[in-house]
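> Got a structure here, written out as structure tokens. Questions coming.
Just so it is clear, none of the values below were taken in a lab; they were calculated from the coordinates. Treat the numbers as computed from the prediction; the structure is a model and nothing was measured. Using ideal geometry, Cβ is built from the backbone for each residue, glycine included, and neighbour counts are taken over all protein chains shown.
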Amino acid sequence: MKYKDRCARMSYNQMLYSRVREYIITSTDVRLHGDQASSGAAETFWMFTLPKAPENCIDEVYPNIYMGDMSAAMDKKLLKSLGITHIINCSQGKTSREVNTDSGFYRDVGMKFLGIKALDNTTFNMMPFFKSTSDFIDKALKGGGKIFIHCYKGVSRSATIVLAYMMLKCNIEILEATRLIRSKRKIHPNDGFIRQLCILNRQLYGEQT
């Protein structure tokens, strides 16, 4: 692939990026922000409001797809009670803001495991993981399973992987996928991850505003 073509495929629509980012920051449906509801075009002061944390350690965000944080990932009894059969740890590791689990951790409860060592910063490239994780999710669901996708807090790395799956396997563009997931859990991928999802959106659906 020529350099110019490669750069074009790795570019993204700035307006779409701004719309997705604004929606994540300012979306104020009643469930998320009480009576200050809007469609994502809120007053300017919302732009300086930090996203609220999820209320629960785990939420079903799409049929048979669960998202959550480290505490849920470590609670095998809880996961078993929900019928979870597959796990994706999007923050695998032993340092701060990582979760130290592997396939051996879940062997006694019979859950299949996939781990990725992603960092929650704007320069980390999540795109190489989009296909493998989407295939893993798709296979789990088609086999009648339930999958739990998590990171440290269950809002950024795991959300990015779930959104990529919805785009790749469910034919849902990024803004609609974001709306669907945020109606179930207060996700807020970092800006770098949003840009990468916008690149994927362009590759799949072309120019969109």
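> Step through the table entries 117/153; 80/112; 146/184; 146/169; 52/139, compare each Cα-Cα distance with 23 Å, and write down the pairs that go over it.
Checking Cα-Cα distances, 52/139 exceed 23 Å.
> OK, next. Among 182-191, 64-73, how do they line up from the highest to the lowest mean number of other beta-carbon atoms within 10 Å?
Averaged packing, sorted descending, gives the order 64-73, 182-191.
> Do any trypsin sites (Lys or Arg not before Pro) in the range 87-157 lie in a DSSP loop with no more than 15 other beta carbon atoms within 10 Å, and if so, which?
Sites meeting the loop and neighbour criteria: 94, 97.
> With θ set to phi - 60° and the Karplus curve 6.51 cos²θ - 1.76 cosθ + 1.60, what are the ³J(HN,Hα) couplings of the range 54-63 in order, to the nearest whole Hz, using x for Gly and Pro?
Listing the rounded values in order: x, 7, 10, 6, 8, 9, 7, 9, 7, x Hz.
> Explain nothing, just the number: dipole magnitude of the range 53-200 about its Cα centre with +1 on each Lys and Arg Cβ and -1 on each Asp and Glu Cβ, in debye rounded to the nearest 20.
200
> With both partners inside the range 66-196, how many of the DSSP beta bridges are antiparallel, as a percent to the nearest 5?
10
> Explain nothing, just compute: Karplus ³J(HN,Hα) = 6.51 cos²θ - 1.76 cosθ + 1.60, θ = phi - 60°, for every residue of the range 164-177 in order, whole Hz, x for Gly and Pro.
My calculation for the range 164-177 gives 4, 4, 4, 6, 7, 10, 10, 6, 10, 6, 4, 5, 5, 4 Hz in order.
> Measure out, as a whole number of angstrom, how far apart the alpha-carbon centroids of the range 63-104 and the range 180-209 sit.
Distance between centres, Cα-based: 23 Å.
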